[in-house]
Amino acid sequence: MEKIASFTVNHIDLLRGIYVSRKDCVGEEVITTFDLRWKVPNKEKVMGTGEIHTIEHLGATFLRNHESQKDNIIYFGPMGCRTGFYLIMKGDLESKDIVDLIKEMLEFVSVFEGEIPGATPRDCGNCEDMNLELAKFEANKYLVEVIRNIKDENLKYPD
């Protein structure tokens, strides 16, 4: 059996950043899957389920309501390894194309106050597993340390 694309990425040399994970054609449309890598794999402590779940709710709500991009958002959710998130968007895009969008999302999450969207028993299958303070901390850390001064090495997978 062939390895899937995400298992062929060199995780030993992978830095935090925004990467194009894959591009797929659906009919005549191209969709781009982005790897939003918040943690250095196998070196940094991964995010806990509470903060990653909270970021998922806040990030998806922000992206699907974004004035200019909401119609291009297909999916936003966590990686199973808990080192980041996948964002799937309509369009033949490159990592640099979404830096500003991700910066806006992180600014939203890092200062969010109030009730977490969809965090009720009616709306979510695990609404008790939320941690807003750690979600804000993780979003701000990724924003300040990676996204605000992103470099080419954080936009292209290592060989």
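Just a few scattered comments:
- Neighbour counts of other Cβ atoms within 10 Å put Leu134, Leu58 in the fewest-to-most order Leu134, Leu58.
- Each Lys and Arg Cβ is given +1 and each Asp and Glu Cβ -1; about its Cα centre, the stretch 91-144 then shows a dipole of about 120 debye.
- Simple Cβ-charge dipole of the stretch 1-73, Lys/Arg +1 and Asp/Glu -1, about Cα centre, in debye nearest 20: 360
- A simple count of charges around Glu29, restricted to other residues whose Cβ falls under 13 Å of its Cβ and scoring Lys, Arg +1 and Asp, Glu -1, yields -2.
- Computed extension length for Tyr75-Asn126: 16.5 nm, one decimal, from 0.36 nm per residue of separation with the Cα-Cα distance subtracted.
- Adding -39500 (n - 2.57) for every DSSP H run of four residues or longer, then dividing by how many residues the chain holds, sets the calculated 222 nm ellipticity at -8000 deg cm²/dmol.
- Span-rule helices in the chain, defined as complete DSSP H runs reaching 20 Å or more along the axis (Cα) with Kyte mean at least 0.0: 49-64
- Charge tally in the Cβ shell below 9 Å around Leu132, where Lys, Arg are +1 and Asp, Glu are -1, Leu132 excluded: -2
- Length, then width, then depth: along the principal axes, the Cα atoms of the chain run 41, 39, 37 Å.
- Likely footprinting exposure, Lys136, Lys103, fewest C-beta neighbours within 10 Å first: Lys103, Lys136
- Dipole of the stretch 18-110, positive direction: furthest Cα of Cys25, Asn65, Gly80, with charges on the beta-carbon: Gly80
- Of Val46, Ala135, Val99, farthest towards positive along the dipole that unit charges on Lys, Arg, Asp, Glu beta carbons give the stretch 28-141: Val46
- Separation of the stretch 1-72 and the stretch 120-159, taken as the distance between their Cα centroids, equals 10 angstrom.
- Taking every alpha-carbon pair under 8 Å whose residues sit at least 6 apart, the chain reaches a relative contact order of 30 percent.
No lab work stands behind these numbers, since they all come straight from the coordinates. Bear in mind that the values here come from a model prediction, so they are computed numbers and not experimental data. Methodologically, a virtual Cβ is constructed for each residue, glycine included, from the backbone with ideal geometry; neighbour enumeration extends over all protein chains shown.
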